[in-house]
Amino acid sequence: MASPTPSLQADSTLHIALVGNPNCGKTSLFNQLTGSRQKVANYAGVTVERKEGFFSTPQGRSVRVLDLPGAYSLSSTSPDEDVTRDVCLGRHRTETRPQLLIGVVSATNLRLHLRFLLELRSLGVPIIVALNMMDEAKRSGMTIDVAGLERDLGMPIVPVISLHKQGVHPLLEALDRPVPPPPAPLPDGTDIHAEVRRLIQTYVTDRSAGQERLVDRLDRWFLHPVWGPVILLVVLFVMFQTVFAWAQPLMDALEGGITMLGELLLRPLPDGVLKSLLADGVIAGAGTVIVFLPQILILFLWILALEESGYLPRAAFLLDRLMALAGLSGRSFIPLLSSFACAIPGIMAARTIQNPRDRLVTILIAPLMTCSARLPVYTLLIGAFIPHKTVLGVLGLQGLVLFALYAVAIVSGVIAARIMTRGVKSEEHPLLLELPPYRRPNLKSLALGLWQRAVMFLSRVGTIIVSLNVLLWGLSSFPLPPQGATGAAIDYSLAGWIGHLMLPIFAPIGFNWQICVSLIPGLAAREVAVSALATVYALGVSEDAAPEKLLPLLSSQWSIATALSLLAWYVYAPQCISTLAVMRRETRSMKIVLGATAYLFGLAYFAAFVVYHVTKAITGEA
Amino acid sequence: MWYLDTLPKGNYAIIDRVEERTAADPISARLCELGFVPGESVKIVATGPVGADPIAVTLGTSRFALRKGEAARIVLRRPV
């Protein structure tokens, strides 16, 4: 098949794609090339979604680059690799075939990466090879005859170091030269592995062979049958303690700032409906959620750093048996861990699971992994009801309760998965996971990742959350109370009416009507429930009750049984339309989504019921 | 017959071949793509905390985690 050789004028945009094995440094190369000029599809997982970026070469040619998901081969075994294969073959429904592929290979792992590169030769598309991590290879005593390898492969090779900007300059220069002709495909019947071996024998001298490398020393500890799990537990525990402790000063500062800003902005306005809308609906609503940005970012920082350092696959290795208990494999660990940040990237990361049943079960239990949007609710309730004291000398009780909430959710997930996989004839679930070399996380990549998440979170605050709060403000303000009414204004409003209507269903689990009202907007995004409570109570109690007054207010108005019951509800309830929407998109089945919704609401109601009545029995409340 | 899942930790061996459990076994195919092909040398560097499963295998410059069931497809011979 003759592929059209793209004709290129200097003014036309060059369409290229980065393609390579997982862990070849493709994403950091992409970040270096494009900087912040990237478009990440709405819910960014880690290289599972479509990442597109733009940059120009030194001579001013503009380039559009696609970061294809990492793949080991064109004979795909996962939806993730399907995308890479289809784009490379020009069979993708929405992507045009790239004019040029950048085959990214790591100099430190040529044996694996050259194999895929040789496979790409058969595509008939021009390829420039980016030979990455040359510095690391050199340090470990490896020399590569780049010119010889280039001649032999019939593709231009550009050594790059994707860790810093100068390191990718050779690639930029190569893009200014005319696009090379497509490489000749390998002769029929070539044994690719033998070819890789020949290339390595001819062009690579490795004096490090047999020496102990960093990865050996670290894996001796991190994969140790006893120390490995201990280290993992410590990492996870420290992670959750810092999310709670480090974020506190930042949150206090943000809260103060937002309150001041609100007062400053609204001072010129006369009292009335408009001021109430802006103060109680918009600013208070957005403010109570923005305050949680530090916590969410610290959590994401951990997940990104663990991912980049190469530790995450080790955690999957250690947890494989635990995952097998749930009827899954260690591969499910990464999607599930991502779900602690947000179930949406988690569900999407499940694409890397080859086994369809494992993938479905992982998607179904992903909402049980405590996502960061629950943190605002947890933080508020823990702050209001759990005393701020230390137990056993060093552990904060509040942090412990938070840890317990996470633990309960994980155990429930394991049990749920177990039940879902029971009775199904057990087939083999492959693990087959690469354990990449350890690397120091790249600050630029971390910063970009955090920035993308901050923007995502804040744009949600700006759109869904603020509009829902305005809607809720409307529901809670109108109709206005009749002249001479004595009760709180919200009692006469639509929200009060809806809340009272829901009350008979939720009274058995200890919810009052204010909670019922806040559950409604909480469906669109969990974290809204906090601001919704603020709105409901601010309107219900006094005119200018600021969000920070919510905390003492709740501890005085709710019983501990109600608070714990609401916490239990939040552990399970599928209070997030976006998650359900992604689930629908990934499984293409409404039946699965409805099933998931029903089982999660059922669990939530059951758990809240048990917690409420047990707590009441213990505390002896009426 | 000697398989990778029984190779003691720390010992080297050479891959003799990769068996298929089913016709066109996808796991065997993936193993080959990852470089588990005849003639390569392998070493087990770590075993999982429970039941020594999964195992971490060094293959050339790469390292993989395999469950024992996957490793049991790889037939070994002694290094010369």
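The values are calculated or read from the model by the stated rules, or taken from the named source; none is laboratory data. For clarity, every value in this text was computed on a predicted model and none was experimentally measured. Methodologically, a virtual Cβ is constructed for each residue, glycine included, from the backbone with ideal geometry; neighbour enumeration extends over all protein chains shown.
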(request) Select, from A:LEU233, A:LEU186, the only residue that is hydrophobic (A, V, I, L, M, F, W, C), surrounded by fewer than 17 Cβ atoms within 10 Å (Cβ to Cβ) and outside any loop (DSSP other than H, G, I, E, B). (result) A:LEU233
(request) Please name all residue pairs, on different chains or six or more residues apart, with Cβ atoms under 9 Å, provided the first residue is in segment A:138-167 and is in the same structural domain as A:VAL105 (by TED's automatic domain parsing) and in a helix (DSSP H, G or I) and the second residue is of a type in the set (A, V, I, L, M) and at pLDDT below 90. (result) A:VAL146/A:MET134; A:GLY167/A:MET134
(request) Within segment A:429-446, work out how many residues are in a loop (DSSP other than H, G, I, E, B) and more than 14 Å from chain B (Cβ to nearest Cβ). (result) 3
(request) Identify the residue in segment A:264-309 that is out of contact with any helix residue (DSSP H, G or I) (no Cβ under 6 Å at 6 or more places or on another chain) and outside any helix (DSSP H, G or I) and, among all such residues, is nearest to A:LEU471 (Cα to Cα). (result) A:GLY272
(message) Looking at A:THR84, A:THR77, can you tell me which residue is within 20 Å of A:ASN31 (Cβ to Cβ) and crowded, with 19+ Cβ neighbours inside 10 Å?
(response) A:THR84
(request) Could you look through segment B:18-46, keep only residues that are on the phi > 0 side of the Ramachandran plot and out of contact with any Lys or Arg (no Cβ under 7 Å at 6 or more places or on another chain), and pick out the one that is modelled with the lowest pLDDT? (result) B:ALA24
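One line per residue, one yes/no per condition, for (1) within 15 Å of A:ALA454 (Cβ to Cβ); (2) among the aliphatic types (A, V, I, L, M):
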{"residue": "A:LEU261", "(1), (2)": "no, yes"}
{"residue": "A:ASP271", "(1), (2)": "no, no"}
{"residue": "A:LYS275", "(1), (2)": "no, no"}
{"residue": "A:ALA279", "(1), (2)": "no, yes"}
{"residue": "A:ALA284", "(1), (2)": "no, yes"}
{"residue": "A:GLY287", "(1), (2)": "no, no"}
{"residue": "A:GLN295", "(1), (2)": "yes, no"}
{"residue": "A:TYR311", "(1), (2)": "no, no"}
{"residue": "A:ALA315", "(1), (2)": "no, yes"}
(message) Name the residue that is surrounded by the fewest Cβ atoms within 10 Å (Cβ to Cβ), counting only residues in segment A:87-107 that are outside any strand (DSSP E or B) and at pLDDT 90 or above.
(response) A:LEU89
(request) Read through the list (1) at the interface with chain A (Cβ under 10 Å from one of its Cβ atoms); (2) more than 12 Å from A:GLU434 (Cα to Cα); (3) touching a residue at least 12 places away in the same chain (Cβ under 8 Å); (4) part of a loop (DSSP other than H, G, I, E, B), then give the number of the only condition that B:GLU20 fails. (result) (1)
(request) Considering every residue within segment A:311-320, establish whether at least one is not polar (S, T, N, Q) and not in a helix (DSSP H, G or I). (result) no
(message) For segment A:326-346, check the following and say yes or no: at least one residue is surrounded by fewer than 24 Cβ atoms within 10 Å (Cβ to Cβ), under 19 Å from A:ALA607 (Cα atoms) and either touching a Cys at 6+ places or on another chain (Cβ under 8 Å) or more than 14 Å from chain B (Cβ to nearest Cβ) (or both).
(response) no
(request) Confirm whether B:GLU70 is under 19 Å from A:PRO430 (Cα atoms) and either out of contact with any Leu (no Cβ under 9 Å at 6 or more places or on another chain) or β-branched (Val, Ile, Thr) (or both). (result) no
(request) Look through A:ASP176, A:ASP135 and report the one residue that is more than 14 Å from chain B (Cβ to nearest Cβ), acidic (Asp, Glu) and within 17 Å of A:LEU29 (Cβ to Cβ). (result) A:ASP135
(message) Take B:ARG67 and tell me if it is crowded, with 19+ Cβ neighbours inside 10 Å, under 17 Å from A:LEU223 (Cα atoms), within 11 Å of the chain's Cα centre (by Cα) and charged (D, E, K, R).
(response) yes
(request) State yes or no: is A:ALA596 touching a residue at least 60 places away in the same chain (Cβ under 8 Å), assigned to a helix (DSSP H, G or I) and in contact with a Leu (Cβ under 6 Å, 6 or more places away or on another chain)? (result) yes
(message) Every residue in segment B:32-74 that is among the hydrophobic types (A, V, I, L, M, F, W, C), outside any strand (DSSP E or B), touching a Phe, Trp or Tyr at 6+ places or on another chain (Cβ under 9 Å) and at the interface with another protein chain (Cβ under 8 Å from one of its Cβ atoms), please.
(response) B:LEU34
(request) May I ask you to list the residues in segment A:529-579 that are assigned to a helix (DSSP H, G or I), at pLDDT below 75, surrounded by fewer than 20 Cβ atoms within 10 Å (Cβ to Cβ) and among the small types (Gly, Ala, Ser)? (result) A:SER578
(message) Condition first: of a type in the set (Ser, Thr, Tyr) and either over 15 Å from the mean Cα position of the chain (by Cα) or more than 30 Å from A:LEU433 (Cα to Cα) (or both). Now tell me which residues in segment A:363-385 satisfy that.
(response) A:TYR378, A:THR379
